[in-house]
Each structure stands twice: as structure tokens, then as C-alpha cells.
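Presented below is the structure to which this report refers.
Where a number appears in this text, it was derived from the coordinates with a stated rule and is not lab data. On a predicted model such as this, the values are computed, not experimentally measured, just so you know. Every residue, glycine as well, gets a Cβ built from its backbone with ideal geometry; the counts of neighbours run over all protein chains shown.
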Amino acid sequence: RKEVEQDPGPFNVPEGATVAFNCTYSNSASQSFFWYRQDCRKEPKLLMSVYSSGNEDGRFTAQLNRASQYISLLIRDSKLSDSATYLCVVNTIRGGADGLTFGKGTHLIIQP
Amino acid sequence: GAVVSQHPSWVICKSGTSVKIECRSLDFQATTMFWYRQFPKQSLMLMATSNEGSKATYEQGVEKDKFLINHASLTLSTLTVTSAHPEDSSFYICSARDLIAGAYNEQFFGPGTRLTVL
């Protein structure tokens with residue numbers, strides 16, 4: 001089982017729609033969770049951290065379910081500029097060192 | 001704040017040559033820098049973790065003699081791909097973590113270096 005699994009998509013949704021995608025992680029010792037956004041041929045950029053209580057940042061809402069080991073991202077009122085690949089990222093401490101593990105990403109295409 | 005630069009942005013080289021990539025934290029000190037590699041349509045894969053003043057820790061399957069990492073200062077880490085071959089062609093991305101890490105351990109990513117080996 002992969003450490004971080006995401007549906008690669010692509011998800012094609014019309015502008016203004018609400019879209020959600022999930023990811024699952026296998027290591028129950030994972031401590032921190034993030035959603036990153038990566039545009040084509042660019043570096044990933046932090047979109048938001050994911051807190052246990054759930055958190056919202058403008059049109060974006062992230063949820064964490066530790067019991068089921070999944071993380072979700074909801075985008076409301078989607079814009080054309082939201083088209084990108086969204087990476088689910090988990091931070092785990094192993095052997096005294098910590099590191100980020102990236103999912104393959106979910107490709108989102110917002111259509112006019 | 002929290003800007004990380006990488007140079008070069010892209011490089012094309014012949015098989016057998018060595019290529020050095022620089023990663024700099026411009027406005028903060030980074031005790032730890034990370035080197036990732038991303039092949040097309042694949043996820044970022046951690047290659048190694050570099051701590052200032054000490055040897056890098058390589059992930060399983062990454063040859064330390066082929067991918068030489070130096071982290072001589074709190075603002076600079078270098079990755080040298082030695083005797084590069086076409087299968088080393090990839091997008092190499094570094095990230096840096098602030099000296100005073102926040103609770104969520106944010107890493108700041110450089111813009112990446114696209115390496116093409118002919």
C-alpha cells in the first residue's frame with residue numbers, strides 16, 4: 001500500500017462549481033498534514049495545513065479524519081485559476097528524522 | 001519572506017558529465033534542506049535530507065556516490081549529479097526548513113531545476 005494515495009483524476013468541473021477530493025495515508029504515526037498546489041512544470045506551493053478540527057481558508061476547506069486516516073480538500077466557487085494539481089502531503093517522524101511524503105496529486109481542470 | 005532559490009533553472013548536458021545544482025534560502029537560515037526528484041506524472045520523491053555541517057541522509061535506493069550533497073552553510077546546499085545518464089533526466093526540487101520550525105514543519109520549496117541528459 002502506498003504511503004499517500006490520491007485519485008489522480010483529472011477532475012473536470014465547470015467554473016463556479018464545488019469540488020472535493022480526498023487522500024488516504026497509511027502511516028498512523030503521521031503527525032502533520034498539508035495540501036500543496038503544483039502548477040505544470042513548477043514547484044509545489046503550500047495551499048494550507050490541515051488541522052484535526054478542520055480548517056477553512058477562503059474558498060478552501062480541509063478536513064482530517066485520523067481514525068480513518070484520510071484528508072479532504074473542498075473548493076467552493078471554483079475559479080479558472082484553481083486549475084492545478086493538488087498534492088496531499090504527510091509529515092512523519094521516522095527514526096528521529098521527519099520528512100514529507102507526497103501523494104501523486106489530483107489533477108483539477110476548471111472549465112469556463 | 002521564506003524564499004528559496006535554485007540555480008540553474010534548467011540544464012541540458014551530455015551523458016557522462018557532472019551537473020551541480022544550487023539551493024539557497026534567501027531570507028532565512030535553514031538547518032535542514034531536502035532534495036526531491038519528480039519524474040513526469042509522478043509524485044515528488046525525497047532523495048536525501050541535508051543538515052548543515054553534517055553528512056546527508058539518503059533515502060533507500062538513492063546512490064550517495066552518484067548524488068553528492070553538500071550543505072556547508074545555513075543558506076546553501078548543493079546537489080551534484082555525477083556522471084549523469086539519460087535516466088537521471090528529471091525535475092530536481094530542493095526545499096528548506098526555517099531554523100525556527102513552526103508546529104507544522106513547513107518547508108519552503110525552490111523553483112526546481114529541470115535536468116535533461118542527452
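If we sort A:57-67, B:80-90 on the protection proxy, mean other Cβ atoms within 10 Å, highest first, what's the order?
Result, highest mean Cβ count within 10 Å first: B:80-90, A:57-67.
Per residue of A:29-36, count partner chain C-beta atoms within 10 Å of its C-beta, then hand back the mean as an integer.
Mean partner-chain Cβ count within 10 Å for A:29-36: 2.
Quick check on packing: order A:76-83, A:103-110 by the mean number of other C-beta atoms within 10 Å, highest mean leading.
Final packing ranking: A:103-110, A:76-83.
Normalised by the number of residues in chain B, what is the relative contact order in percent for Cα pairs under 8 Å and 6+ residues apart?
Once divided by the residue count of chain B, the mean separation gives 37 percent.
What is the dipole size for chain A, taken about its Cα centre, with +1 at each Lys and Arg Cβ and -1 at each Asp and Glu Cβ, in debye to the nearest 20?
200 debye
Dipole magnitude of the protein assembly as shown about its Cα centre, charges +1 at Lys/Arg Cβ and -1 at Asp/Glu Cβ only, in debye to the nearest 20?
In debye, rounded to 20, the protein assembly as shown gives about 340.
Can you compute the charge dipole magnitude of chain B about its Cα centre, using +1 on each Lys and Arg Cβ and -1 on each Asp and Glu Cβ, nothing else charged? Give it in debye, rounded to the nearest 20.
The dipole magnitude comes to about 260 debye.
Which listed residue (A:CYS88, B:MET45, A:THR106) has the Cα farthest towards the positive end of the charge dipole for the protein assembly as shown, taking +1 on Lys and Arg C-beta and -1 on Asp and Glu C-beta about the Cα centre?
B:MET45
Taking each residue in B:72-83, count the Cβ atoms of any other chain within 10 Å of its Cβ, then average. What number comes out?
That works out to 0 on average.
Pairs on different chains or at least eight residues apart, Cα atoms closer than 22 Å: how many lysine pairs in the protein assembly as shown fit?
For the protein assembly as shown, the number of qualifying lysine pairs is 17.
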